[in-house]
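Enquirer: Submitted below is the structure of interest, expressed as structure tokens.
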Amino acid sequence: MKNNITTLAFLILIILSAFKLAPQTYITDTKKSKLSWVGYKAGSKQYGDLNLTNGSFVMNGTQITGGSFTFKYNFSS
């Protein structure tokens, strides 16, 4: 019985390793995405937002393996 369980577990591992997931590309939602930042210097802070104009990222399993993002920033004084 123990030998059958070991053999079954080994076969399951072989089958699962044969089915590697293909990388998936996801497009970002530009209306819901932005990058907020805070800059510090002696005695003061500056704040800003960068609005995402387009972007995508690639997931391979549970890891981000690539991507590209474009942000727009309106400078004001």
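Enquirer: Ranked by accessible surface with a 1.4 Å probe, highest first, in what order do Y26, Y73, Y40 come? Display every interim value, and only then the final one.
Expert: Numbers: Y26 105, Y73 65, Y40 160 Å².
The ordering from most to least exposed comes out as Y40, Y26, Y73.
Enquirer: Let me ask you something else. How large is ³J(HN,Hα), in whole Hz, for each residue of the range 34-40 in order, when computed from phi with the Karplus curve 6.51 cos²θ - 1.76 cosθ + 1.60 and θ = phi - 60°, using x for Gly and Pro?
Expert: 7, 10, 9, 9, 9, x, 10
The values are calculated or read from the model by the stated rules, or taken from the named source; none is laboratory data. Just so you know, these numbers come straight off a predicted model, no measurement behind them. For the accessible areas, the whole protein counts, side chains as well, though only heavy atoms, and no ligand, DNA or RNA atoms are used. Shrake-Rupley method; radii C 1.70, N 1.55, O 1.52, S 1.80 Å.
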